[in-house]
């Protein structure tokens, strides 16, 4: 056990019937000793943050289910409905009334912002609510952003390096 270095330069690996030579060089195991949190262990703080994110996701899913139910109820208020979808836009037209008052047409439009993930269900409900003159703030709160920029700063040698990861 007194040897901290292991020569991997002559390791061969058989893949099927063809042996493959893999060049690794010398690995110094004495420098590969890591702290607990560097070995993949999660701190209590990181765990609690992750649980918080899971709860937010689950709450969002519950709201989306409620919005789906609401969309069905709102559409039943009309005698006839129509949606036109093009690119990131949804236009809703709804007709209601009877033969005595010639009916009414309500029109609403939803436009998905370039920074948001397109969601047809949410877009339809936004268009219907706009047609009815209702607020849409609670729907906008659950719209998923296209990008999550996570900033990590590394400080070394008196300089700060910032890395941006685009999560999709």
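The values are calculated or read from the model by the stated rules, or taken from the named source; none is laboratory data. Keep in mind it's a predicted model, so treat the numbers as computed, not measured. Heads up, the Cβs are rebuilt from the backbone with ideal geometry, glycines too, and the neighbour counts pull from every protein chain shown.
Worth a mention:
- Residue match in segment 73-87 (condition: under 27 Å from residue 59 (Cα atoms) and out of contact with any helix residue (DSSP H, G or I) (no Cβ under 9 Å at 6 or more places or on another chain)): yes
- Residue list for segment 98-109, filter: exposed (fewer than 13 other Cβ atoms within 10 Å of the Cβ) and not in a strand (DSSP E or B): 98, 99, 100, 101, 102
- Some residue of segment 83-90 being in a loop (DSSP other than H, G, I, E, B) and under 32 Å from the mean Cα position of the chain (by Cα): yes
- Residue in segment 51-72 that is in a helix (DSSP H, G or I) and in contact with a strand residue (DSSP E or B) (Cβ under 9 Å, 6 or more places away or on another chain) present: no
Residues are listed down the side, and each one gets a yes or a no for (1) exposed (fewer than 10 other Cβ atoms within 10 Å of the Cβ); (2) modelled with pLDDT of 90 or more; (3) not in a strand (DSSP E or B):
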{"position": "14", "(1), (2), (3)": "yes, no, no"}
{"position": "34", "(1), (2), (3)": "no, no, yes"}
{"position": "37", "(1), (2), (3)": "no, no, yes"}
{"position": "46", "(1), (2), (3)": "no, no, yes"}
{"position": "75", "(1), (2), (3)": "no, yes, yes"}
{"position": "78", "(1), (2), (3)": "no, yes, yes"}
{"position": "95", "(1), (2), (3)": "no, yes, no"}
